[in-house]
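What follows is a set of notes on a single structure, which appears directly below.
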Amino acid sequence: MDIIVCIKRVPQTAEAEVTIDSSGKDIEKDRLSFDINESDSYALEEAVILKEKFGGTITVISVGYQDTEDTLRIALAKGADNAIRVKAEDFEHIDGYKTSQILKSVIEKESYDLIFAGCIATDDAYSQVGVTLAELLNIPHASLVINIDTSENRADVNRELEEGLMGHLDISLPALFTIQTGINEPRYASLIAIRRAAKKEIKVIGQEEINKDNLLLNTEIEELFIPPKTKEVEILTGSPAESASKLAEIFKEKGLI
Amino acid sequence: MSLIKFNNEQKLIQGEIRKFATTELEPVADDIDKKGVFPKDIINNLFELGFMSLIIPEKYGGVDMDLTSLCIAVEELSKISASVGTIVAVNNCFAAYPLMKFGNENIKELYLTKLADGEIVGFICEPEIDLLPEQNVLNDQNNSFVFSGERDFVLNGETASFFILQISNQEVNKFYIINKDSKELSFTIPKMLGLNAAGIKSVKFNELLLRKESCLNSEVPGGKILQEVRDFSNICLSSISLGLAQASLDAATKYSKERKQFSRLICEFEMIQEMLSDIKIKIETARLLVYDAASKFDNNQNYSLSAAIARVYCGNMAVSSALNAIQIYGGYGYIKDYPVERYFRDSKVLQLLEASPRTIKIDIAREVLR
């Protein structure tokens, strides 16, 4: 079973202090660390699990700058066989739609049974590359996939919906799934695997191979901003009894009790 | 361009071990210190990933990576838990390195393979101890020795399956390999200030027979073996102190940007800023020293002096960084709900572990005066 996994290198912003840069359209990234997008790491692990079960190859693809090769190498160390970087520097502004078109032009030349992508990128949170790519390739897709059971030409998948609901789909292959976090437990790369991956060649593709004149951009960031404060926090001081009394008064004022 | 240039492989190792440390180790780091628990699951994971046998040649089941890679891994682990950083450092520096450097082929086959397979090795060394007749009996019986006595601060003592032990008095100075299951050994846990999860133990020997075959290398004097192990380990132990100092800086910086006094964030006060910059200057200096010494070792250059300088500087620097961090936290720095008191306790032990700064300074002075 040949699987393609689309991955993205993203800044780690969960614990970091995020500030907007001078352009007003991006964040300051020079002090942030970068890693594979969280749900992409689950997508990669799911591919490795299927490869261990059925054999085949895994190809990881990312549209990114030179540093993205570090992320691709870790993917190689975790079980991918081939890695392709599409040079982001060749394509100026890139949005989700343009990324999908770039990926389509690379993937349509590859053979595959399945394509995996993360269900959402933690930096722009568009959630659109996977499903748009499936439409461009004209293959079926399922998003937010939390379980996969594959046979030769079909896959049973469960999708995680709101309010604890699950959706069960029977899909013919080839297909694209966007993978939800929690579907598996991503492994760490061992030192031996890192050593091998550090020496592997990464295929790099740019504007020579992909005609950028045909690529369309359908969104543009106008502005990034910190939302204005809408509510003030009031800290109640005094002894626990005094604070509780003040709190009860506030509840009464607001008609909550 | 930075003087520290990690290659592709080293950058990947740094990213992956950093992720492991923050994801797997951080949630338990405080707890294992408070309870004094050896983190078996974490160490088993590190074995599987290859970190516990990082420097061991592939033919014995190791990964065969360089000292720079080991220092990178140990620094990252020590930012989260110096105890875990120490366990990894000890298995590589005090166990694998002397076996690789001085063991014959039989010893390498037997013990390095065990080490790479997941067995932890303890290291016992107190060469300057007085051998009192009633405590230590050292008898020659057909080139074997019977040894009784006590040793404190056995590194990796809690879970080690075998130990490397230095025996020295006026007539003998050799290293031996002993199995933990020998009934002549009994262990107690010392109550220490720091490194509480590192599994450091005290051991008593009751007429332990040390056979000739278990001698690490009868040709090389124990003093030379000890010096080489110390030189090598000085670099790696420095990287533990470096990681600890970075942890102190990170914690103090974060706290100073949250804590308000007199209606201002304390990071706006210049005396706080001075303390933060003092820590930062020392960390950047220390990092250059550590990776310069490691690079010299990896490139077969003379590294002993650089290793000694790095060790003394980093050991002292981590203690002063932790003290500054406690100062920035104010009274909260002194209570166990916040991490900086742990960084201080651990950094103080690291300053002294295996060789005190004064001992190492004597080596440095000897080189200066040569």
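Show the residue pairs that are 6+ apart or on different chains and have beta-carbon atoms under 9 Å apart, the first residue being within the stretch A:193-205 and under 16 Å from A:V48 (Cβ atoms), the second being part of a strand (DSSP E or B) and at pLDDT 95 or above.
A:A197/A:A83; A:K200/A:N82; A:K200/A:A83
Inside the stretch B:1-107, counting only helices (runs of 4 or more DSSP H) that do not spill past its ends, which hold 1 or more residues that are within 14 Å of another protein chain (Cβ to nearest Cβ) and free of Cβ contacts under 8 Å to residues at least 24 places away in the same chain? Outline the logic, then answer.
On the way: elements: B:8-20, B:26-35, B:40-49, B:67-80, B:82-89, B:97-102.
By residue number, B:8-20, B:26-35, B:40-49.
Which residues, taken from the stretch B:55-96, are of a type in the set (S, T, Y), in contact with a Leu (Cβ under 9 Å, 6 or more places away or on another chain) and under 30 Å from B:F344 (Cα atoms)?
B:S69, B:S78, B:S81, B:S83, B:T86
So which residues in the stretch A:37-54 are surrounded by fewer than 22 Cβ atoms within 10 Å (Cβ to Cβ), farther than 14 Å from A:E185 by Cα and at pLDDT 95 or above?
Selection gives A:K51, A:E52.
Among the residues of the stretch B:166-214, write down those that are over 24 Å from the mean Cα position of the chain (by Cα), modelled with pLDDT of 80 or more and of a type in the set (S, T, N, Q).
B:N206, B:S214
Select from the stretch A:106-126 the residues that are of a type in the set (G, A, S) and surrounded by fewer than 18 Cβ atoms within 10 Å (Cβ to Cβ) and list them in ascending order.
Selection gives A:S111, A:A125.
Looking at the stretch A:136-150, is at least one residue within 14 Å of chain B (Cβ to nearest Cβ), surrounded by 20 or more Cβ atoms within 10 Å (Cβ to Cβ) and in contact with a Lys or Arg (Cβ under 7 Å, 6 or more places away or on another chain)? If you could, list the steps in order and put the result at the bottom.
At the first step, the residues of the stretch A:136-150 found to be within 14 Å of chain B (Cβ to nearest Cβ) are none.
So far as the stretch A:136-150 goes, no, none of its residues is within 14 Å of chain B (Cβ to nearest Cβ), surrounded by 20 or more Cβ atoms within 10 Å (Cβ to Cβ) and in contact with a Lys or Arg (Cβ under 7 Å, 6 or more places away or on another chain).
Please determine, by comparing only the residues of the stretch A:65-120 that are closer than 20 Å to A:L173 by Cα and of a type in the set (K, R), which one is modelled with the lowest pLDDT.
A:K109
Go through the stretch A:102-139 and count every residue that is over 24 Å from A:V48 (Cα atoms), part of a loop (DSSP other than H, G, I, E, B) and more than 17 Å from the chain's Cα centre (by Cα).
So the answer is 1.
So which of B:S186, B:S202 is assigned to a strand (DSSP E or B), outside the structural domain of B:P98 (by TED's automatic domain parsing) and free of Cβ contacts under 8 Å to residues at least 24 places away in the same chain?
Among B:S186, B:S202, only B:S186 is assigned to a strand (DSSP E or B), outside the structural domain of B:P98 (by TED's automatic domain parsing) and free of Cβ contacts under 8 Å to residues at least 24 places away in the same chain.
Within the stretch B:234-251, is there a residue that is in contact with a strand residue (DSSP E or B) (Cβ under 9 Å, 6 or more places away or on another chain) and surrounded by fewer than 21 Cβ atoms within 10 Å (Cβ to Cβ)? Give the derivation first.
Of the stretch B:234-251, the ones in contact with a strand residue (DSSP E or B) (Cβ under 9 Å, 6 or more places away or on another chain) are none.
Checking the stretch B:234-251: not a single residue is in contact with a strand residue (DSSP E or B) (Cβ under 9 Å, 6 or more places away or on another chain) and surrounded by fewer than 21 Cβ atoms within 10 Å (Cβ to Cβ).
Which residue is surrounded by the fewest Cβ atoms within 10 Å (Cβ to Cβ), if the candidates are limited to the stretch A:152-198 and must be among the small types (G, A, S) and not in a strand (DSSP E or B)?
So the residue we want is A:G164.
I'm trying to understand the selection: among the residues of the stretch B:166-220, which are among the hydrophobic types (A, V, I, L, M, F, W, C) and surrounded by fewer than 13 Cβ atoms within 10 Å (Cβ to Cβ)?
Hit for the stretch B:166-220 is B:L193, nothing else.
The values are calculated or read from the model by the stated rules, or taken from the named source; none is laboratory data. Just so it is clear, the structure is predicted and the values come from calculations on it, not from any experiment. All Cβ positions, glycine included, derive from the backbone under ideal geometry; neighbour counts span all protein chains shown.
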